[in-house]
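First comes the structure, then the notes that go with it.
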Amino acid sequence: MTIQKKSPTFWIFSTYFAEGFPYMVTKVLSFVFFTDAGVREAWLGFLNFLGIPWNLKFLWAPFVDLVSTKRSWMLKVQFLLSIFMMVLAILAGFYHHHPSNSVLAAIAFVFCVLAFLGATNDVTIDGYYLEALTDRKEQAAYSGLRTLAYRVAVVYSRILLVGLAGLASWFWGFTVGALTMFAIFVFHRVFLPVVEVEKREKKVNFTEAFRSYFDQKKIILILCFVATYKLGDEILFAMNTPFLMRELLVSKTQLAWLSGAVGAASTVAGSLLAAWWVKKKTLKKAIWPLTLLMNINILAYVALAYFKPIATTTTGMTIIAAVHGYEQWAAGLGGTVLMIYLMRLCKTEFKAAHYAIGSAIISLGSTFIGGFGGFLVEAFGYTTLFTLGFLASIPSMLMLFWIPLHEEG
């Protein structure tokens, strides 16, 4: 097949919407569903372990580089995602009429399958992006659009799917999710451009993908930095849904508006600002102020947990929305910076594998610390958990003095 030359704007938006949507269904809607089902905080914390496939995706990412094409992988995975989302809808509908622990266990299993498929979907999309855009300046320039598309998926998931669950039932919420994923598959099958040729003859040592990444200068420091850069923010989000719904009495319909419209708009604004800032000032000059802004915001959530404004009052909901919006704006700043940094670490011949390694390491700490976040909440409360999140943000800021920063080449 010949490589098609098309404006990247259109497919960047569609693919990164397709990346954000399964993640939202798996990692975020699972929290809302099981919180709504009355599951205790200690067990809710275990839902953070759904992030493990995203942490381990680098183990199978080289297959995406070395077998077939990213486009082919993407289509297969997105079709399977639509099928399992429909299974989720059927099980949720059955649970609505016949609630039981066995049905909840089956739903949890389907979420695990979606997690592995969603992580693989990330690998294919990130690899496709890096294959199509080889210029580092161009990659950085479109990072804001990537985040915008991802956040549109967040808005869509939280407003439409959670809103449907609140107004109708989870069956309809997940059914619309399955139909959305299938529509994405069909759209990409027809319109996604071909940007690479199938690797029939290429023989590359599987371990070379890993060796070439870990051979980089100061790699131990780089890995520690990447693992801790968003750790504070990730700990903050680990138990955010039950905090809002149970401590501050935010309803499902309020959560749909709060997390969807307010949160997503704020994150997009922060992401676009960060992309512009890095492009104007360079990564080396922009990373410090953007990182500081990302981490200081955690203290606002500490205050929210301490004073506990209630969502049933206008004043309380206004305060909650303001703090949540500010936090999401700051998270957008830091997330874009880290995305650009990870792309600068990728070698040409192993784009998918290298980006998968870096992006997998990002949430290692949050997956395992967050997994036991429910126990921490039950033992010490949300204020302590969020304070721990702020303390966890300090090491990465200190490492900024020593990590290598790769500018456009």
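Side notes on the structure shown:
- Some residue of segment 337-345 being out of contact with any Asp or Glu (no Cβ under 9 Å at 6 or more places or on another chain) and outside any helix (DSSP H, G or I): yes
- Any hit, segment 346-364, residues being part of a helix (DSSP H, G or I) and closer than 30 Å to residue 248 by Cα: yes
- Positions within segment 167-197 being under 25 Å from residue 28 (Cα atoms), out of contact with any helix residue (DSSP H, G or I) (no Cβ under 7 Å at 6 or more places or on another chain) and assigned to a loop (DSSP other than H, G, I, E, B), in sequence order: 168
- Within segment 367-379, the presence of a residue that is over 20 Å from the mean Cα position of the chain (by Cα) and of a type in the set (S, T, N, Q) is excluded.
- Summed over segment 104-141, the residues that are within 19 Å of residue 73 (Cβ to Cβ), among the charged types (D, E, K, R) and over 16 Å from the mean Cα position of the chain (by Cα) give a count of 1.
- Only one of 367, 387 that is at pLDDT below 90, among the β-branched types (Val, Ile, Thr) and assigned to a helix (DSSP H, G or I): 367
- The residues on offer are 118, 166, 173, 127, and the sole one that is over 24 Å from residue 359 (Cβ atoms) and either in contact with a Pro (Cβ under 8 Å, 6 or more places away or on another chain) or surrounded by 24 or more Cβ atoms within 10 Å (Cβ to Cβ) (or both) is 173.
- Cβ separations smaller than 7 Å between residues 6+ apart or across chains give the following pairs from segment 249-276 residues that are more than 16 Å from residue 36 (Cβ to Cβ) and surrounded by fewer than 24 Cβ atoms within 10 Å (Cβ to Cβ) to residues that are among the basic types (Lys, Arg) and at pLDDT below 85: 268/151.
- Within segment 199-212, one or more residues are buried (at least 20 other Cβ atoms within 10 Å of the Cβ), at pLDDT below 95 and not acidic (Asp, Glu).
- Hits in segment 162-193 - residues which are free of Cβ contacts under 8 Å to residues at least 24 places away in the same chain and under 17 Å from residue 257 (Cα atoms): 164, 168
- Number of positions in segment 310-319 that are touching a residue at least 24 places away in the same chain (Cβ under 8 Å) and surrounded by fewer than 19 Cβ atoms within 10 Å (Cβ to Cβ): 3
- Residues located in segment 123-147, provided they are part of a helix (DSSP H, G or I) and farther than 14 Å from residue 70 by Cβ: 136, 137, 138, 139, 140, 141, 143, 144, 145, 146, 147
- Criterion violated by residue 252 - all others in (1) within 30 Å of residue 8 (Cα to Cα); (2) in contact with an Asp or Glu (Cβ under 7 Å, 6 or more places away or on another chain) satisfied: (1)
- Unmet requirement for residue 99, which otherwise passes all of (1) free of Cβ contacts under 8 Å to residues at least 24 places away in the same chain; (2) not in a helix (DSSP H, G or I): (1)
- Within segment 83-131, the residues that satisfy the criterion of being within 18 Å of residue 48 (Cβ to Cβ) and not hydrophobic (A, V, I, L, M, F, W, C) are 118, 122.
- Verdict on residue 222 being hydrophobic (A, V, I, L, M, F, W, C), closer than 24 Å to residue 138 by Cα and buried (at least 17 other Cβ atoms within 10 Å of the Cβ): yes
- Candidates in segment 277-308 are the residues that are among the hydroxyl-bearing types (Ser, Thr, Tyr) and under 30 Å from residue 381 (Cβ atoms); of these, the one that is surrounded by the fewest Cβ atoms within 10 Å (Cβ to Cβ) is 306.
- Residue identified as surrounded by 19 or more Cβ atoms within 10 Å (Cβ to Cβ) and touching a residue at least 12 places away in the same chain (Cβ under 8 Å) among 383, 336: 336
- Segment 9-46, residues that are surrounded by fewer than 18 Cβ atoms within 10 Å (Cβ to Cβ) and of a type in the set (Phe, Trp, Tyr): 10, 13, 43, 46
The values are calculated or read from the model by the stated rules, or taken from the named source; none is laboratory data. Bear in mind the structure is a predicted one, so any value in this text is a computation, not a measurement. Neighbour counts are summed over all protein chains in view; Cβ atoms, including those assigned to glycine, are modelled from backbone coordinates with ideal geometry.
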